[in-house]
Amino acid sequence: VKPVTPRCIVPKAIPVGKTASLHCHENEGYPKSTYSWYRNSEPLSPDTRSNAKLHNSSYTVNPTTGTLVFHAVHKGDTGRYSCIATNDAGFAKCEEQEMEV
């Protein structure tokens, strides 16, 4: 069963240095969906250490729960965030939402 449009929860504004949690979830897809996050239409790698552009970003992505956590946000984390739920039957994307740091 193809995923339905996931529900994305993105905080509107976060003070620099604080923790920010972004959530993405849908529960109609079968098999269970995996989730990937995008900032300004660019995919956020689940492994920040492997990407030179992201090596100073301190976030973790959990593809199973759809949670994206910034451990200490900085100005560079400002942007438009969206999430895609994917399974064997297809994918669905939530609307982009702005997060300001």
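Excluding Asp88 itself, calculate the net charge of residues whose Cβ lies under 13 Å from the Cβ of Asp88, where each Lys or Arg counts +1 and each Asp or Glu counts -1. Neighbour charge sum, excluding Asp88 itself: +2. For the range 7-99, the number of Lys pairs separated by eight or more positions or lying on different chains, with C-alpha atoms closer than 28 Å, is 10. Neighbours of Thr67, meaning other residues whose beta-carbon lies under 14 angstrom from its beta-carbon, give a summed charge of 0 when Lys and Arg score +1 and Asp and Glu score -1. Counting Lys and Arg as +1 and Asp and Glu as -1 over every other residue whose Cβ lies under 10 Å from the Cβ of Ile14, the net charge comes to 0. State, as an integer percentage, the relative contact order of the chain based on alpha-carbon contacts under 8 Å between residues 6 or more apart. The value is 39 percent.
Within the accessible area of the chain, what % is carbon and sulfur when the probe is 1.4 Å and the other protein chains stay in place?
54 percent
In plain terms, the chain from Glu95 to Thr65 could stretch by 9.0 nm, reckoned as 0.36 nm per residue minus the Cα-Cα distance.
With the simple model of a label 7 Å out from the Cα in the direction of the Cβ, Lys2 to Lys18 spans 3.8 nm.
Applying 0.36 nm per residue to the separation of His74 and Ser41 and subtracting their alpha-carbon distance, the gain on full extension is 10.0 nm. Counting only protein heavy atoms and a 1.4 Å probe, the chain has 58 square angstrom of accessible area per residue. Global dimensions of the chain from alpha-carbon coordinates: Rg and Dmax equal 13.3, 40 Å. Compared with the alpha-carbon gap, the fully stretched path from Ile9 to Lys32 is longer by 6.4 nm at 0.36 nm per residue.
The values are calculated or read from the model by the stated rules, or taken from the named source; none is laboratory data. Just so it is clear, the model here is predicted, and its values are computed rather than measured. Cβ: placed from backbone, ideal geometry, glycine included. Neighbour counts: every protein chain shown. Note: areas computed on protein heavy atoms with side chains; ligands, DNA, RNA excluded. Shrake-Rupley method; radii C 1.70, N 1.55, O 1.52, S 1.80 Å.
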